Amino acid sequence: MNKPVRHIAIFTGLLVLALLVRSTWVQFVQADELAHHDKNRRVKIAAYAQPRGDIIVGGSPVTGSTPTSAGDLKYKRTYKNGPMYAPVTGYSSQIYANSQLEHVYDRFLTGDDDRLFLRNTTRALTGKKPEGGDVVTTIDPQAQRAAYEGLAKYKGAAVAIEPGTGKILALVSTPSYDPSVFSGERDKDARAWQALEKDKDKPLSNRAIKELYPAGSTFKILTAAAALDHGLYHDVDTPTDSPYPWNLPDTVTPMKNENENAPCRNASLKVAMQYSCNNVFAKIAAELGKDKMRETAEKFGFNQDLFMPVATVKSVYPKEMNRPQTALTGIGQGSLAATPLQVAMMTAALANDGKLMKPYLVDSLRSPDLSTVERHKPEEMSQAVSADTARKVQEMMEFTAREGTGKAALIDGVTVGGKTGTAQHGVGNSEIPYAWFVSYAKQADGSPVAVAVFIDPKDSGVDREDVSGGGLAGPIAKKIMQAVLKK
């Protein structure tokens, strides 16, 4: 063989080898990735070739599937009470893919999940189509409705948690949207999506878990817990060393109280909680310092990635602050920011004697024959503070509910702890304040529910001077707790 022919033969052999390697790589290494790639039309055709499994609330499906009239996608998703449950279900759209539980459990809902492999393989052998499984949520439908209807005219969010397990009983964000209106593949679905995206009130944003806000005075329950757990104070009835007026450290800026006539000078922790005394709680944070405050906050879930199983935005207790900034975090202001879910977790942990349970939204997965494939087991995240500390904070919150700003959440025959909050924001606090309310109900065998309600009153017709956590958010928290308690 002459030299040029030999070179051509070697080059041709290398090309064949490269083709074999590439073919092997695609068929065996990338096969699963390509089979489920969102640009693969066959994936979409297979996903919508049969009805999708359902998302279950209170024993009944809040989703469905309906035949389409044209095209190669045979079924599209439908939703019952779509706006009320959208923050839980998310959406499944033939154009815009999936979100929330529809995304996390997409393959289980379509039947393309290893946990359903044997059953669907058997069906295929008999000529039947595969079936998707169901996702059973922890949501209490009465609590969800109470939260949704209570927030109907506001931008806001509400979260209710069972403190002893971490079950999420309600998860609401308003204004909301109906996922049914863009679940198909027609022009009208695209127009509906575009209108929602352009809406200045951001209905597609899940305020309960995807947005951060200053926690305002609701954070004072954590500040009180930090003071007790770190030994700064030992008794909730002993006067604190809290002058009034009191200036932020290293400044001449006075820390004012909303009620200038409140008995906040050297007030005990219990009285300071009752009147929401800024001077007391800001001074506590300054005295503890940023490291001890952050340590306590992180035990309650701040600065941690959280999946329940949907990913949430990380709530923030800042790491780098000066002394005045640290003091501001003691009253839930400054650069501290939290999701309503995080504020509910904080409340639930204190109601659960200091034990923080990991919040979860899915109770179980079940196959199409209704047998349970997987069941969630409650999981402890941390002992955020000692049981003794938590019970002292409970005493303060229950006193605040009876004698202070938390009266709006009282329920006959039930022990209730509560705390209001208004949170300033905007340049120079120019925006109308946010309104918060946190509470829990307690019975002989523990606390069945803890609640956080957040309201952005802007554009709701509420005057600035009428904004208060107790007045706006407190009655909603009460209705949610009553729904859980069946009272």
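Of the conditions (1) surrounded by fewer than 20 Cβ atoms within 10 Å (Cβ to Cβ); (2) in a loop (DSSP other than H, G, I, E, B), Ala190 clears all except one; give me its number.
(2)
Go through region 50-65 and count every residue that is of a type in the set (Ser, Thr, Tyr) and open to solvent by 50 Å² or more (accessible area, probe 1.4 Å).
Selection size over region 50-65: 1.
Is it the case, given these coordinates, that Thr372 is touching a Ser or Thr at 6+ places or on another chain (Cβ under 8 Å), surrounded by fewer than 19 Cβ atoms within 10 Å (Cβ to Cβ) and at pLDDT below 95?
Numbers: touching a Ser or Thr at 6+ places or on another chain (Cβ under 8 Å): yes; surrounded by fewer than 19 Cβ atoms within 10 Å (Cβ to Cβ): yes; at pLDDT below 95: yes.
Yes: the conditions hold for Thr372.
If you check Ile209 against the conditions, is it touching a Pro at 6+ places or on another chain (Cβ under 8 Å) and either at pLDDT 95 or above or outside any loop (DSSP other than H, G, I, E, B) (or both)?
Considered against the rule, which asks whether it is touching a Pro at 6+ places or on another chain (Cβ under 8 Å) and either at pLDDT 95 or above or outside any loop (DSSP other than H, G, I, E, B) (or both), Ile209 comes out as yes.
Scan region 279-293 for residues that are surrounded by 24 or more Cβ atoms within 10 Å (Cβ to Cβ), within 16 Å of Lys256 (Cα to Cα) and among the aliphatic types (A, V, I, L, M) and report the count.
Here the count works out to 4.
Could we say that Ala124 is open to solvent by 30 Å² or more (accessible area, probe 1.4 Å), at pLDDT below 95 and closer than 14 Å to Ile480 by Cβ here?
For Ala124, the condition - open to solvent by 30 Å² or more (accessible area, probe 1.4 Å), at pLDDT below 95 and closer than 14 Å to Ile480 by Cβ - is not met.
Could you check, for region 377-400, whether at least one of its residues is charged (D, E, K, R) and over 29 Å from Gln482 (Cα atoms)?
Scanning region 377-400 turns up no residue that is charged (D, E, K, R) and over 29 Å from Gln482 (Cα atoms).
Go through region 379-404 and report how many residues are within 19 Å of Thr165 (Cβ to Cβ), assigned to a helix (DSSP H, G or I) and open to solvent by 80 Å² or more (accessible area, probe 1.4 Å).
The qualifying residues number 0.
Answer with yes or no whether Pro214 is over 12 Å from the mean Cα position of the chain (by Cα) and within 28 Å of Glu295 (Cβ to Cβ).
Judged against the criteria, Pro214 is a match.
Which members of region 422-442 meet the condition of being at pLDDT below 90 and in a strand (DSSP E or B)?
Once the filter is applied, which keeps residues that are at pLDDT below 90 and in a strand (DSSP E or B), region 422-442 yields Thr422, Ala423.
For region 83-95, does any single residue satisfy the condition of being surrounded by fewer than 16 Cβ atoms within 10 Å (Cβ to Cβ) and either modelled with pLDDT under 95 or at positive phi (or both)?
Yes, region 83-95 has at least one match.
Quickly run through region 265-278 and pick out the residues that are open to solvent by less than 30 Å² (accessible area, probe 1.4 Å) and in contact with a Cys (Cβ under 7 Å, 6 or more places away or on another chain).
Correct list: Ala267, Ala272, Cys277.
How many residues does region 405-451 contain that are touching a strand residue (DSSP E or B) at 6+ places or on another chain (Cβ under 7 Å), open to solvent by 10 Å² or more (accessible area, probe 1.4 Å) and among the small types (Gly, Ala, Ser)?
Of the residues in that region, 1 qualify.
Would you say Ala157 is within 22 Å of Met381 (Cβ to Cβ), part of a strand (DSSP E or B) and either touching an Asp or Glu at 6+ places or on another chain (Cβ under 9 Å) or small (Gly, Ala, Ser) (or both)?
Details: within 22 Å of Met381 (Cβ to Cβ): yes; part of a strand (DSSP E or B): yes; either touching an Asp or Glu at 6+ places or on another chain (Cβ under 9 Å) or small (Gly, Ala, Ser) (or both): yes.
Yes; evaluated as a whole, the condition is true for this residue.
Could you please find all residues in region 320-337 being touching a Pro at 6+ places or on another chain (Cβ under 8 Å) and among the small types (Gly, Ala, Ser)?
Ala327, Gly332, Gly334, Ser335, Ala337
Consider Pro324 against the criteria (1) within 20 Å of the chain's Cα centre (by Cα); (2) closer than 30 Å to Asp235 by Cβ: it satisfies all of them except one. Which criterion is unmet?
Condition (1) is where Pro324 drops out.
On the given criteria, is Ser180 part of a helix (DSSP H, G or I), touching a strand residue (DSSP E or B) at 6+ places or on another chain (Cβ under 8 Å) and either among the acidic types (Asp, Glu) or more than 30 Å from Gln394 (Cβ to Cβ) (or both)?
yes
Sort out which residues of region 1-20 are at pLDDT below 70 and among the polar types (S, T, N, Q), and write them in order of number.
Passing the criteria: only Asn2.
Could you tell me which residue of region 21-67 is modelled with the lowest pLDDT, considering only residues that are over 26 Å from Leu361 (Cα atoms) and aromatic (Phe, Trp, Tyr)?
If we take residues in region 21-67 being over 26 Å from Leu361 (Cα atoms) and aromatic (Phe, Trp, Tyr), then Phe28 is modelled with the lowest pLDDT.
The values are calculated or read from the model by the stated rules, or taken from the named source; none is laboratory data. All values derive from a computational prediction rather than experimental measurement. Note: ideal-geometry Cβ built from the backbone for every residue, glycine included; neighbour counts use all protein chains shown. Note: accessible area is taken over every heavy atom of the protein model, side chains too, but ligands, DNA and RNA are not part of it. Shrake-Rupley method; radii C 1.70, N 1.55, O 1.52, S 1.80 Å.
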